[in-house]
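Notes follow once the structure below has been shown.
Values in this text are rule-based calculations from the coordinates and carry no lab data. Worth saying up front: this structure is predicted, and the values here are computed from it rather than measured. Neighbour counts run over all protein chains shown; Cβ positions are idealised from the backbone, glycine included.
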Amino acid sequence: MGKLARALLFGLVGAGLVHIAVVLLVPYYSDRNAWSRISAYGNAWQFHPVAREGAPGTRPLALDPLFQAAACRFDITDLPAHITGVGTTPYWSISIYTRQGENIYSINDRTAIADQLDLVVATPLQMIELNKTKPAAAENSVLIEAEIEEGFVVVRSFVPDDSWKLQVDSFLKSTSCTPLL
């Protein structure tokens, strides 16, 4: 019986130490999430190029060297987000993430309507309103219902060789992330 009590005591003390260590390390790691990295690029409602190299003292983002990417933060508390892009590239994809970095939706040029980047991200209540009276700006958009208030999108485009670089740059510069009015 004494051995069992000692094992339980050591187990509880060990679990307590691990718990304290985790709680104390949370602030150290929490400022290195995707949201804070994308926030460092600039203002919300604007696409910013995603850099492969991080700022001094930070780790670089892991990106495929054959892809270029841009990211935009949004807040759909009041109005849905309208994400668009114009141009032709060998391949593009877009992913929508929650503020915590959870991927909630992905689409690429092969599954988009007419290969065009045109999405609307809305809360469930906003989606009801959109279905009642769809604005002309969202007439051909892919409608995405998301139970979030804040999030971000990342657009990636494939650059198979240097001859595509200008076209991909032009496509990424044409992307916009605006509130749907």
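Note on residue 103 and residue 75: their simple-model spin labels are 2.8 nm apart, each label 7 Å out from Cα toward Cβ.
Helix 2-30 axis versus longest C-alpha principal axis of the chain: approximately 30°, rounded to the nearest ten. Full extension of the chain segment joining residue 4 with residue 174 gains 54.5 nm, where the gain is 0.36 nm per residue of separation less the Cα-Cα distance. Here's the picture: a label point sits 7 Å out from the Cα of residue 88 along the beta-carbon direction, and within segment 141-181 the residues with their amide nitrogen under 19 Å of it are 157-175.
Of 113, 10, 47, whose Cα points farthest to the positive end of the dipole of the chain (charges on the beta-carbon: +1 Lys, Arg; -1 Asp, Glu; origin at the Cα centre)? It is 10, whose Cα lies furthest towards the positive end.
Angle check, please: helix 165-174 long axis (alpha carbons) against the longest principal axis of the chain (alpha carbons), in degrees 0 to 90, nearest 10. The answer is roughly 90 degrees. For semi-axes √(5λ) of the Cα gyration tensor in Å, one of [x] 51, 16, 14; [y] 36, 17, 15; [z] 40, 23, 14 was computed from the structure I shared and the rest are decoys. Which label? Structure-derived value, by its label: [z]. Each stretch of four or more DSSP H residues adds -39500 (n - 2.57); spread over every residue of the chain, this sum gives -9500 deg cm²/dmol at 222 nm.
Length gained on full extension, residue 25 to residue 149, computed as 0.36 nm times the residue gap minus the Cα-Cα distance: 41.9 nm.
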